[in-house]
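Have a look at the structure below before the remarks.
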Amino acid sequence: MVRFIVLIALLLAGAIAAPYLMGNKGYVMIAAGDYIIDATVSSAVIMVVGFYFALLAIEALINRLTHSLGWFNRYHQARAKIQTEKGILALASGDFKRAETLTLKAAKKAQVPVLNYLAAAQSAQGLGNEAKRDEYLLLAHKNADKNTFAVELTQAKLQVEQLQFEQAFASLSSLHDQHPKNKVVLALFKNVCIERKEWGQLLNLITPLQKQKLLTVNEADELRKSSHFQHLGEVAKQQGSTGLLDTWSSLPKALKHDGRYLAETANLLMGRNDDQSAYLLIMDALSNEFYPELITLTPQLNLTDHHALIERLKRLQKSREGSGLLAVCIGQLMVKEGRWSDAVEELSQGMSQSPSTSAYAALAQAYEKLGRINDANATYKQSLSFHQQDS
């Protein structure tokens, strides 16, 4: 519209000025360096108008060329879109080779090339080529600009699928730091922690998992109990008795009164040759409660003096008449003390209710020390028979 108005204005100006210029053509000279252009005013006006139309023609040509180039770009983008769609369908159907070929072919012209590289990475893993998978993931990362979350999450998923739990743990640790409430990250991280036995980290995830409704209350409680239990062994291995006792002290009160956790902690202390700490733990626990799991461990304690432990068990025995387990454990401790007659009495009393290979062996040893060889031999035979039946 503006060009049309300018053209009309020039024509009107020419029409008005022409009668005046016919009698006086005027003179125009343009000098540029060594070049000189001279013409009459009417000729100069004609040249200006001609130059203007020439500019319009050039502009029209450029627009036509640009439109042609845009058409080619739109054609390639449409073709890339079709190839990408076919590639994703091939990936979904398990045709990994075709999926890899199509998605890579379309990547350079695709509107969102990161999606093509992610699909290609999944295809490469489906073909068992981890090197290419990682190469495509790197290309996806480079094309993702600042939004790399989808790429890193896909990488973690592929690592989990490939059972590369060490790499997956590192990937998910970083993702969890950046996106602590993401449900997919939390669910994957939980599974990887279980696979890698990262019980300490798993304990930190339970509350967020529950808040995101990925665990019910009962599931969270069970997972927490199991993780605390497994965490005891992990700490004992890495930090020794001191770290184990510190971890034990930090357990929830309910778990510290659970016989399984008490027995596991005592067992781990004994496994690290810290029988004295295990003894103190057992003595404290048995001061008010009856824990069969702990009582079973008492004969295994390597102590210089078993007297206090025997007295503690006897005190429990008074309130629990007929407890074969207490009698058997007291008898085995008496064998360690060299109290042969008392040991025979306790073991004979408890064996009918709580027989065990170790109890038979202790009773046979006591008989032997008392010179009752026939009874000792008979007990050894009973021990062998019991062991065969038990196994």
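Yes/no per residue for (1) outside any helix (DSSP H, G or I); (2) surrounded by fewer than 15 Cβ atoms within 10 Å (Cβ to Cβ); (3) under 8 Å from the mean Cα position of the chain (by Cα):
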position: Leu158; (1), (2), (3): no, no, no
position: Leu163; (1), (2), (3): yes, yes, no
position: Glu166; (1), (2), (3): no, yes, no
position: Phe169; (1), (2), (3): no, no, yes
position: Leu172; (1), (2), (3): no, no, yes
position: Pro180; (1), (2), (3): yes, yes, no
position: Val185; (1), (2), (3): no, no, yes
position: Leu188; (1), (2), (3): no, no, yes
position: Val192; (1), (2), (3): no, no, yes
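Output yes when any residue across region 369-391 is modelled with pLDDT of 90 or more and aromatic (Phe, Trp, Tyr), and no when none is. There is no residue in region 369-391 that is modelled with pLDDT of 90 or more and aromatic (Phe, Trp, Tyr). Taking the criterion of being surrounded by fewer than 18 Cβ atoms within 10 Å (Cβ to Cβ) and not aliphatic (A, V, I, L, M), the residues of region 245-257 that qualify are Asp246, Ser249, Ser250, Pro252, Lys253, Lys256, His257.
Do the conditions hold for Leu223, that is, is it assigned to a helix (DSSP H, G or I) and open to solvent by less than 40 Å² (accessible area, probe 1.4 Å)?
When the stated conditions are applied, Leu223 passes them.
Under the condition of being assigned to a helix (DSSP H, G or I) and either in contact with a strand residue (DSSP E or B) (Cβ under 6 Å, 6 or more places away or on another chain) or of a type outside the set (D, E, K, R) (or both), the residues counted in region 262-310 number 30.
Taking the criterion of being within 23 Å of the chain's Cα centre (by Cα) and either modelled with pLDDT of 90 or more or open to solvent by 20 Å² or more (accessible area, probe 1.4 Å) (or both), would at least one residue in region 97-104 satisfy it? No, that holds for no residue. The residues of region 269-290 that are open to solvent by 40 Å² or more (accessible area, probe 1.4 Å) and at negative phi, listed by number, are Gly271, Arg272, Gln276, Leu280, Asp284, Ser287, Asn288, Glu289, Phe290. Would you be able to say whether some residue in region 290-303 is more than 48 Å from the chain's Cα centre (by Cα), modelled with pLDDT of 90 or more and over 19 Å from Gly259 (Cβ atoms)? Within region 290-303 (the criterion being more than 48 Å from the chain's Cα centre (by Cα), modelled with pLDDT of 90 or more and over 19 Å from Gly259 (Cβ atoms)), the answer is no, since none of the residues qualifies. In region 120-156, the residue that is surrounded by the most Cβ atoms within 10 Å (Cβ to Cβ) out of those that are of a type in the set (Gly, Ala, Ser) and more than 28 Å from Ile194 (Cα to Cα) is Ala120.
A single entry from Gln212, Gln230 fulfils the requirement of being under 14 Å from Tyr261 (Cα atoms), open to solvent by 20 Å² or more (accessible area, probe 1.4 Å) and in contact with a helix residue (DSSP H, G or I) (Cβ under 8 Å, 6 or more places away or on another chain): Gln230.
Scanning region 292-348 for residues that are surrounded by fewer than 17 Cβ atoms within 10 Å (Cβ to Cβ) and among the aliphatic types (A, V, I, L, M) returns Leu303, Ala308.
Per-residue answers, yes or no, for (1) assigned to a helix (DSSP H, G or I); (2) touching a residue at least 24 places away in the same chain (Cβ under 8 Å):
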{"site": "Arg312", "(1), (2)": "yes, yes"}
{"site": "Lys318", "(1), (2)": "yes, no"}
{"site": "Cys329", "(1), (2)": "yes, yes"}
{"site": "Leu347", "(1), (2)": "yes, no"}
{"site": "Gln353", "(1), (2)": "no, yes"}
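This table checks each residue for (1) surrounded by 13 or more Cβ atoms within 10 Å (Cβ to Cβ); (2) under 25 Å from Gln162 (Cα atoms); (3) at pLDDT below 80; (4) out of contact with any Pro (no Cβ under 6 Å at 6 or more places or on another chain).
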site	(1), (2), (3), (4)
Ile37	no, no, yes, yes
Ser42	yes, no, yes, yes
Gly50	no, no, yes, yes
Leu55	no, no, yes, yes
His67	no, no, yes, yes
Ala92	no, yes, no, yes
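The values are calculated or read from the model by the stated rules, or taken from the named source; none is laboratory data. Since the structure is predicted, the reported quantities are computational estimates derived from the model, not experimental observations. Please note: Cβ atoms are built from the backbone with ideal geometry, for glycine as well, and neighbour counts cover all protein chains shown. To get the accessible areas, we keep the full protein, side chains included, count just its heavy atoms, and leave off ligands, DNA and RNA. Shrake-Rupley method; radii C 1.70, N 1.55, O 1.52, S 1.80 Å.
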